[in-house]
1. Among B:91, B:120, B:127, B:146, which is at pLDDT 90 or above, surrounded by 19 or more Cβ atoms within 10 Å (Cβ to Cβ), aliphatic (A, V, I, L, M) and over 13 Å from residue B:77 (Cβ atoms)?
2. Would you check if residue B:261 is crowded, with 18+ Cβ neighbours inside 10 Å, more than 7 Å from every other protein chain (Cβ to nearest Cβ), assigned to a helix (DSSP H, G or I) and within 41 Å of the chain's Cα centre (by Cα)?
3. Of all the helices (runs of 4 or more DSSP H) wholly in segment A:121-238, which have at least 3 residues that are modelled with pLDDT of 65 or more?
4. Among the residues that make up segment B:268-278, is at least one of them in contact (Cβ under 8 Å) with a residue 24 or more places away in the chain, farther than 15 Å from residue B:194 by Cα and either out of contact with any helix residue (DSSP H, G or I) (no Cβ under 7 Å at 6 or more places or on another chain) or more than 10 Å from chain A (Cβ to nearest Cβ) (or both)?
5. Residue pairs, Cβ under 8 Å, 6 or more apart or interchain, first in segment B:102-129 and at the interface with chain A (Cβ under 10 Å from one of its Cβ atoms), second assigned to a loop (DSSP other than H, G, I, E, B) and at pLDDT 60 or above. List them.
6. Hey, could you check segment B:203-220 for residues that are under 17 Å from the mean Cα position of the chain (by Cα) and of a type in the set (Val, Ile, Thr) and say which is farthest from residue B:282 (Cα to Cα)?
7. Do you know which of the residues in segment A:217-260 that are more than 13 Å from chain B (Cβ to nearest Cβ) and among the β-branched types (Val, Ile, Thr) is farthest from residue A:161 (Cα to Cα)?
8. Against the conditions (1) away from chain B (no Cβ under 11 Å); (2) over 42 Å from the mean Cα position of the chain (by Cα); (3) in contact (Cβ under 8 Å) with a residue 24 or more places away in the chain, where does residue A:365 fall short? Just the number, please.
Amino acid sequence: MAARRGSPSVRLAQLTAAKEILLSTGSGGVGKTTTAAAIGAQVAATVDAKVLVLTVDPAKRLANAMGLKTFGNKEVRISPDLFLDAGVEPAGELWAAMLDTKQSWDDLIARHAPDSGVRDAILANPIYQNISAKFVQSHDYVAMERLYEIHTAGNYDLIVVDTPPTRNAVDFLDAPERLADFFGSRLLRWLIAPYRSRVVSVASRPFYNIADRILGTQFLEDIAEFFVLFQTMRRDFTERAEAVSRLLGGQATSFVVVSTLEAAPVREARYFLDLLHERKYHVGAVVLNKVLPSTLLDPDATAAAKSMVAEPETIAPHLFEVLDNDEHAPRMLAEIGASYLNYQVVAQREAELRSELGTQAGTVASVPYFSHDIADLAGLLELGETLWES
Amino acid sequence: MSTALLDRRLLFVTGKGGVGKSTVASSLAILAASRGKRTLVCEVDAKGNLADFYGTNRLRFDPTQVQERLFAMSMDTEASLREYLKLQLHVPLVGRIGPLAKAFDFVATAAPGVKEILTVGKLAYEVRERHYDLVVVDASASGHVVGQLAASDAIRELVSVGVVRAQTEWMTELLTDAATTGVVIVATPEEMPVNETLELIDRVDTETGIDIAAVIANRVLPELFNRDEEADFERLDTPEGRAALVGATNDGAVHVIDGARLAVDLRRSRAEHLDRLAAGLPNGMPLILVPYLFTRSHGIRTTRQVAQRLGEEL
């Protein structure tokens, strides 16, 4: 059966050929960004294609690995020299961009605002400034919006997106819809009514009285102004949000769920996989990072390790010739036997978690623990190679 | 001289995602309770993980007692708002809270800091009212926690008058008092968690003025060998050495040697990051090490083990 379905390697290579957008998702700390970058680098290295890696990672790690000093909203090309330095003649082009939330929001407002007066008023509104600069969830919408914009411009064969580090991995999927709902809500109209008419209905007066006591008039007026101004862009925003939703659910897009084999990330990955299936999104692959080798579960090795722990003094003499009759040999043997058994416990735990995930996912690619950190393009390509071949 | 970790009254436990924040928060709380402190532990991102660490049912806004002197709750900003309105503003709105909560949801979504302030406000309130000796917060990950901790300042920028502004003043005072409040940053000795920890120390300092009580390095791998043993291992990990060990045991012995090599490599690369972390900490900031636990379970047993290790260090 394995042969008919093909190895994960073929599937990952095929996936990148068949899709225009790959979204790398998963909980924090599982190697999402690195995986996205490695997939992008590997495709650019092996296929005559123009590839963009779009990251939202505020840690700017990708910039370092790609030899970029600055890394911003504008897409920049990774120098082919870096590929050559890594011993690879790239068949395609690798580009990278990082999401600048504030800048992207400002661009968005500038594009949709009906006139320069509205644009300037929104940009100057304190509520807007806070939303665009600080508000974490505003990452979600604007990241997907930016993806849509880049995809529509049609400059790339493949866009690999490192999704925002949301508290909940699905927030960004809902973001466009939430925004559309928001504009459609009666509540919004209710909220801005007093600002427009200066007449507060009897029904809503208690709310305003309380809100006023809690928050103060100025703040309420800032909020109302913001909503009123935003309302002028309602149609554009709603249409756009719907288009973004369609793109995420469409033929061109696939999701790569990244996890390590630890309890919390696996739980999140399972939850996310369920949700993607339920909503009929395309799941292309599951990538498991930092996986311990299966040789840690070998029965012979387990027996050997146990005897090394139990009777190192008996085994040590057999090693005299190699170890020069060393007095430290027994303790060393006992230590490595014990270490094997320790890691076996973790490997067993991983195997269990893996089987839980396996039932949900078609293509699973495993990446072993690398003894060094990925610090440059060569490292990304090594990881990419592993993903393709695993 | 900074106040000892468990002698503070409010601890925010944060760190990069996946480093074991909840493990450390739940263990610190167990430790404090075992030392006689009436302790509340609160999870802020309602993922429902904290309950697993105590082997209890899903936590709610109303604290559940999980063992002697130890209470656990899950943050719910709407419930926090309701409580706030009732206790602080004496708004008799219990029946009519529905539409207000909905409206609040939109205001909170649009106005950053509102949800955060209700979270931090509730916790600070428990401290101020002395309902507990210690409140341990399983806070947001490093990417979001600064926004949470700086919420009272952010609100003050936006709101110039009103009750909320007055509320933020006592909160800021409580939060920035180093004898009362501290941030605990958890890191694993790996590249990104260490980078984020060092960045976060800087940001907490400049953007919130809240004291960092300690950095906890979690999952520190054990040193396998002393120097002599390491030399022996290098001789064992040769074609001749492998053959000899296979002869003395069985064919599987090569996997044992590979396993030891992996353990040594991992330990080595992590030791570098641990050194980098230690070197990057400001003078006098405590660094507490928690060893990697090679255990099967994730539940209460593990939590107790980590608590015990922390107890040896604190």
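The values are calculated or read from the model by the stated rules, or taken from the named source; none is laboratory data. Only a predicted model underlies this, so the values are computations on that prediction, with no experimental measurement involved. Methodologically, a virtual Cβ is constructed for each residue, glycine included, from the backbone with ideal geometry; neighbour enumeration extends over all protein chains shown.
1. B:127
2. Answer is no for this residue.
3. A:126-133, A:137-153, A:171-184, A:205-215, A:217-231
4. No: zero hits.
5. Cβ pairs passing all conditions: B:106/A:185.
6. B:220
7. Among those that are more than 13 Å from chain B (Cβ to nearest Cβ) and among the β-branched types (Val, Ile, Thr), it is A:232.
8. (2)
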